[in-house]
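So the structure is just underneath, and the comments pick up after that.
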Amino acid sequence: MKNKDYKILVGDTDTESLAWIKKILLEEDFGVWTSSDTGEIFRINESGDFDLLIFDIKIYAQLIENNFSIESREERDAPIIIMTTDDDFDLAFSAVKKGAVDFLDKPVRVKRLLITIRNALWHSTQIKQIRRDQEELASLKELYERIINGIDYGLVVLNNELRIDSINEHLRKRQRKGTTDIIGENCYQYFYNQGTICEKCRVREVFEKGIPVKYNLVNKAVGGSNYYLEVEAFPLFDKRGEVTKVVQLIKDITQRIQLERELLEKKEYLESLVEHAPIGIFSTDSHGFIQTVNPAFAKLTESEAPSDPIGMNVLDIESFKDTGVDKAFGRVLKEGKPFEADVVHCRVQDKGETLICSVQGVPLKGIEDDEITGLIATVANVTEKWKLEESYLKRIIELSIFKEIGELFQGTNDLDDIYTIALIGVTAGQGLGFNRAFLLRYDRNENILYGEKAVGPSDALEAGRIWSDLYRKNLSLQEVFTHYKGDPEEKDTRVNEIIKKLRIPITWEEGFLHNILFKYIPEKITYERDSEYTDQKLIADTLGCGTFAAAPLISRGKSEGLIIADNLITGKEITTEDINRLSIIANQSGAAIENSQLLKSLGEKVEALRQANLDLTKNRDLLWRAERLSVIGEVAATVAHEIRNPLTSIGGFTRAVLREIEVIDKVDTNKRFLAIILEEVKRLERIVNETLEFVSPVTPRFDYEDLETIIEQTFNMMSGEISEKNILITRDFHQGIHSVWIDSDQIRQVLLNLFRNAIHAMEDEGMLSVITEGDSENIRIHISDTGHGIPEENKNKLFTAFFTTKSTGSGLGLTITSQIIKNHGGSIEVESKEGEGSTFLITLPTHKREE
Amino acid sequence: MKKILVVDDEENLRILYKEELTGEGYDVDVADSAESAFKQLDENTYNAVILDIQMPGMNGLEAMSRILHKHRQQAIILNTAYSQFKDDFESWSADAYLVKTSDLTELKNKIRELIG
């Protein structure tokens with residue numbers, strides 16, 4: 001640096017001195033600014049970046065006083081030189097203490113001034129250099145620390161005593177220990193809380209050999225699970241080539257290890273899957289040469305490649321040749337098109353079998369480009385499934401036959417129709433397709449099996465004609481049946497002739513007929529000439545056919561007979577399936593026969609029920625009379641003993657009179673009259689006795705009843721009496737009488753009594769009116785007639801027992817009526833005008849009353 | 001002369017029985033209720049008591065048990081309009097159980113049989 005590069009600010013209150021210094025410094029070619037004013041010095045200093053400040057002690061004092069602080073100066077690093085007068089050393093020293101680097105005595109000498117300035121400037125340059133170096137060092141350190149702490153694995157520097165020299169943030173955090181006192185601690189102590197070096201640690205090795213090592217560690221985590229560490233340790237050398245420190249990089253590779261393990265497991269699992277898969281799997285290279293196969297595939301093709309299919313070309317595998325699969329594989333390899341074929345008939349040549357396989361192939365492609373590197377294919381043997389599906393399909397068709405037959409059965413209750421449907425079902429092509437079918441009935445009482453009906457041609461010629469005819473028409477079973485029934489011509493004459501001759505007494509304790517009729521076992525019979533079974537022979541001879549199937553007709557758990565079917569014309573073999581189907585149709589027929597019989601017996605039962613209902617109506621009338629008598633009896637019981645006393649008295653006195661009457665005139669007449677009275681009394685007594693004997697307590701049967709219905713019933717009961725006279729019945733029924741808590745029989749009795757009285761009160765014509773009204777509390781029944789009315793003097797005797805105005809009356813009717821009403825918790829009143837008529841008003845509680 | 005007490009709430013019957021039994025040669029007293037009968041039984045001795053059952057107040061059966069409690073040997077004839085009490089256990093201690101009838105022959109016979 002040249003002098004002119006330095007900027008010097010000089011402040012002095014002595015302007016002469018100032019000018020002098022300026023002159024000298026300018027001569028030395030320094031950049032110089034001067035001022036004698038403190039404020040100005042402040043401003044100049046602020047505006048310029050000075051390298052040196054020279055102040056008169058007074059100026060400096062003022063500057064310090066105005067906060068020209070040391071701190072601010074230190075930041076600027078401009079050294080300050082103080083000028084003092086009179087060798088004031090103390091003052092100068094205190095100025096130095098306050099930040100000045102040197103001082104000059106006034107009067108200043110040129111040489112001394114320049115030496116001092118040069119020293120100060122050199123010193124300042126040195127300090128600046130050191131400070132710059134320090135700053136650079138600090139930022140380097142920070143960078144280094146940032147790098148060390150920024151990496152996401154652990155880093156620790158150890159010295160040869162295995163003490164920690166430094167440790168990065170990652171590791172520190174991982175240890176979850178405080179940051180203090182880590183440096184200098186033993187690594188094994190710090191990391192593992194151990195007193196000695198760890199067993200697996202290889203840091204020592206690095207110190208000794210001076211070469212880096214890399215190894216893995218497994219540790220137990222707090223929770224018990226393992227964690228894995230990858231450790232890299234490498235040496236740091238000093239200038240002499242000695243290892244002074246070892247740096248350890250520690251990575252947690254637990255996740256990686258786990259991932260690897262999972263991948264391995266998955267790979268093993270997939271391999272095992274392929275190995276044990278029930279379907280064949282193989283892969284080829286891009287030319288179609290088989291590279292891998294699983295055992296299932298090897299098994300599928302073992303006949304043609306007993307040793308190993310690997311290395312064969314997929315196009316050469318015999319099983320696939322000419323099946324279309326070979327070409328499809330070719331396209332997969334060439335064009336990359338996946339394919340899928342459900343039913344492939346693969347030949348297995350050695351065994352001569354043809355397997356049904358489901359084959360799929362997909363191309364294998366490179367990861368980076370789409371180039372086809374081979375194919376992977378699956379071959380599944382679906383023969384069983386395919387057969388099953390076929391049999392299901394067959395079964396569905398079969399079921400639809402049974403359904404159709406079932407529907408036909410439902411359409412009829414006629415036994416002959418049922419037989420026809422069963423036999424058509426067995427023989428029709430749309431049905432079971434037997435040539436001929438015979439239905440035999442079993443008569444349990446006679447223990448005889450007799451032929452009932454048959455369907456089928458008599459010979460091949462007829463068969464051909466009928467069957468081709470039916471086949472052409474493509475009829476449903478329903479149509480065949482309708483066709484068959486609608487044709488008036490005698491059908492299947494020959495077979496019917498055969499069967500109707502058949503009458504077999506069941507005397508065997510074994511054999512197929514016994515099995516069918518009593519054990520319900522359907523069977524296929526193949527009669528052999530020398531067979532000992534006479535029942536087989538009998539049937540075979542009758543049918544003219546030695547092989548036939550037979551199934552029982554079961555109704556209500558008992559055998560009703562059997563169906564026999566054969567293939568006389570076509571000679572087609574009868575399979576187990578055929579027998580099963582025959583058995584199903586036989587079961588259906590049995591159920592239909594059962595229904596038909598049930599319906600018949602149901603008709604009989606309905607008739608019986610109707611008769612029973614009629615009887616019941618009659619009985620009900622009888623019962624009603626008995627009830628009525630019982631009510632009378634009850635009332636009679638209450639009054640009978642009341643009249644026994646007067647009877648006793650009357651009778652007694654009469655006897656007395658009879659004894660003493662002889663002394664008076666007209667003895668004979670009086671005697672006769674009195675005897676008559678006595679006779680009457682005796683009769684009364686007899687009646688009373690009889691009535692009393694009849695007494696039995698009657699328990700009322702209360703329920704909620706429809707009063708309107710009861711009124712109508714009573715009118716109906718009296719229709720004869722009403723129609724005898726010209727009597728008009730009027731009704732006026734109001735709400736609230738449909739549900740009343742009464743004993744319907746007793747109330748019917750009450751109404752009967754009152755209606756009857758009313759009719760009796762009217763001569764040859766009149767009107768009987770019934771008005772009802774009611775609410776939730778009570779119901780009221782007004783019964784009015786237009787009869788002769790009740791004389792005033794009789795009104796209060798009306799309800800008294802044995803009071804009557806009628807010559808034939810018992811005098812109990814109204815008493816009973818009153819008693820019943822009373823038992824119901826109600827009341828009865830009467831209003832009457834002689835010659836105009838009477839009205840009885842009955843009031844009854846509507847609901848049951850709690851006692 | 002044999003003494004008889006007739007207990008009945010019916011006046012006509014009391015008159016009838018008194019008339020008839022007096023005619024038979026008995027000394028007849030009457031009572032219209034169980035209570036008044038007890039009084040008379042305390043004052044007099046009767047050879048027989050003819051007792052109605054259905055009466056206002058105490059009935060004849062209860063009255064009988066009271067009488068027999070005090071006069072153990074008292075002859076009692078129950079004479080009632082009801083036949084059903086005949087089966088009652090209580091009525092068994094009576095010397096006779098008669099159902100009322102205008103023909104007093106049976107009553108007279110029974111009295112004769114009991115007391116002569």
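The values are calculated or read from the model by the stated rules, or taken from the named source; none is laboratory data. Just so it is clear, the structure is predicted and the values come from calculations on it, not from any experiment. In this analysis, Cβ positions are derived from the backbone assuming ideal geometry, glycine residues included, and neighbour counts consider all displayed protein chains. SASA here: full protein model, heavy atoms, side chains in, ligands and nucleic acids out. Shrake-Rupley method; radii C 1.70, N 1.55, O 1.52, S 1.80 Å.
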| said: Quick check on my filter: what residues within the stretch B:10-29 are away from chain A (no Cβ under 14 Å) and open to solvent by 50 Å² or more (accessible area, probe 1.4 Å)? | reply: B:ASP27
| Residues of the stretch A:25-41 being in a helix (DSSP H, G or I) and within 18 Å of A:PRO79 (Cβ to Cβ), which ones? | A:LEU25, A:ILE41
| When the stretch B:106-116 is examined, which residues are found to be more than 14 Å from chain A (Cβ to nearest Cβ) and open to solvent by less than 30 Å² (accessible area, probe 1.4 Å)? | B:ILE111, B:ILE115
| request: With respect to A:LEU333, determine if the residue is open to solvent by less than 80 Å² (accessible area, probe 1.4 Å) and under 16 Å from A:PHE297 (Cβ atoms). | output: no
| said: Can you confirm whether A:LYS387 is of a type in the set (D, E, K, R) and surrounded by 12 or more Cβ atoms within 10 Å (Cβ to Cβ)? | reply: no
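Here are some residues: A:ILE418, A:ILE372. Which one is touching a helix residue (DSSP H, G or I) at 6+ places or on another chain (Cβ under 9 Å) and closer than 30 Å to A:SER283 by Cβ?
Just a single option satisfies the conditions, and that option is A:ILE372.
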| field | Residues (open to solvent by less than 100 Å² (accessible area, probe 1.4 Å) and not in a helix (DSSP H, G or I)) located in the stretch A:90-140 | value | A:LYS98, A:GLY99, A:ALA100, A:VAL101, A:ASP102, A:PHE103, A:LEU104, A:ASP105, A:LYS106, A:VAL108
| Would you pick out the residues in the stretch B:88-105 that are more than 9 Å from chain A (Cβ to nearest Cβ) and within 14 Å of the chain's Cα centre (by Cα)? | B:SER91, B:SER93, B:ALA94, B:ASP95, B:ALA96, B:TYR97, B:LEU98
| field | Residue within the stretch A:509-516 that is open to solvent by less than 20 Å² (accessible area, probe 1.4 Å) and of a type in the set (Gly, Ala, Ser) present | value | yes
| said: Pairs needed: first member in the stretch A:328-346, in contact (Cβ under 8 Å) with a residue 24 or more places away in the chain; second member anywhere, assigned to a helix (DSSP H, G or I) and open to solvent by 70 Å² or more (accessible area, probe 1.4 Å); C-beta distance under 7 Å; at least 6 residues apart or different chains. | reply: A:PHE329/A:LEU315; A:GLY330/A:LEU315; A:LYS337/A:ARG331; A:VAL343/A:TRP386
| Among the residues of the stretch A:463-476, is any in a helix (DSSP H, G or I) and under 51 Å from the mean Cα position of the chain (by Cα)? | yes
| message | For the stretch A:196-218, give me each residue that is in a strand (DSSP E or B) and open to solvent by less than 30 Å² (accessible area, probe 1.4 Å). | response | A:VAL213, A:TYR215, A:LEU217
| query | How many residues are open to solvent by 10 Å² or more (accessible area, probe 1.4 Å), farther than 18 Å from B:ILE4 by Cα and either within 11 Å of another protein chain (Cβ to nearest Cβ) or charged (D, E, K, R) (or both) when one looks only at the stretch B:67-84? | reply | 3
| Mind checking whether some residue in the stretch A:277-293 is part of a helix (DSSP H, G or I), open to solvent by 60 Å² or more (accessible area, probe 1.4 Å) and closer than 23 Å to A:THR373 by Cα? | no
| said: Which count do you get for residues in the stretch A:480-496 that are open to solvent by less than 100 Å² (accessible area, probe 1.4 Å) and either charged (D, E, K, R) or within 58 Å of the chain's Cα centre (by Cα) (or both)? | reply: 9
| message | Of everything in the stretch A:160-176, what is crowded, with 17+ Cβ neighbours inside 10 Å, touching an Asp or Glu at 6+ places or on another chain (Cβ under 8 Å) and in a strand (DSSP E or B)? Give them in sequence order. | response | A:ILE164
| task | Find the residue count for the stretch A:130-179, including only residues that are hydroxyl-bearing (Ser, Thr, Tyr) and over 19 Å from A:ILE250 (Cβ atoms). | result | 1
| note | A:SER272 meets each of (1) in the same structural domain as A:GLY336 (by TED's automatic domain parsing); (2) part of a helix (DSSP H, G or I) with one exception, condition (1)
| Condition check for A:ASN216: of a type outside the set (Lys, Arg), at pLDDT 85 or above and more than 23 Å from A:GLU185 (Cα to Cα) | yes
| Residues in the stretch A:3-50 that are farther than 19 Å from A:VAL110 by Cα and surrounded by fewer than 13 Cβ atoms within 10 Å (Cβ to Cβ): how many? | 6
| query | Before we move on, is A:ASP370 in contact (Cβ under 8 Å) with a residue 12 or more places away in the chain, assigned to a strand (DSSP E or B) and open to solvent by 40 Å² or more (accessible area, probe 1.4 Å)? | reply | no
| Of all residues in the stretch A:642-653, which are in contact (Cβ under 8 Å) with a residue 24 or more places away in the chain, more than 11 Å from A:LEU684 (Cα to Cα) and at the interface with chain B (Cβ under 7 Å from one of its Cβ atoms)? | A:ILE650
| Cβ pairs under 8 Å, 6+ apart, first in the stretch A:705-733 and assigned by TED's automatic domain parsing to the domain that holds A:ASN753, second in a helix (DSSP H, G or I) and open to solvent by 50 Å² or more (accessible area, probe 1.4 Å) | A:MET718/A:ARG756; A:GLU721/A:ARG756; A:PHE733/A:GLU708
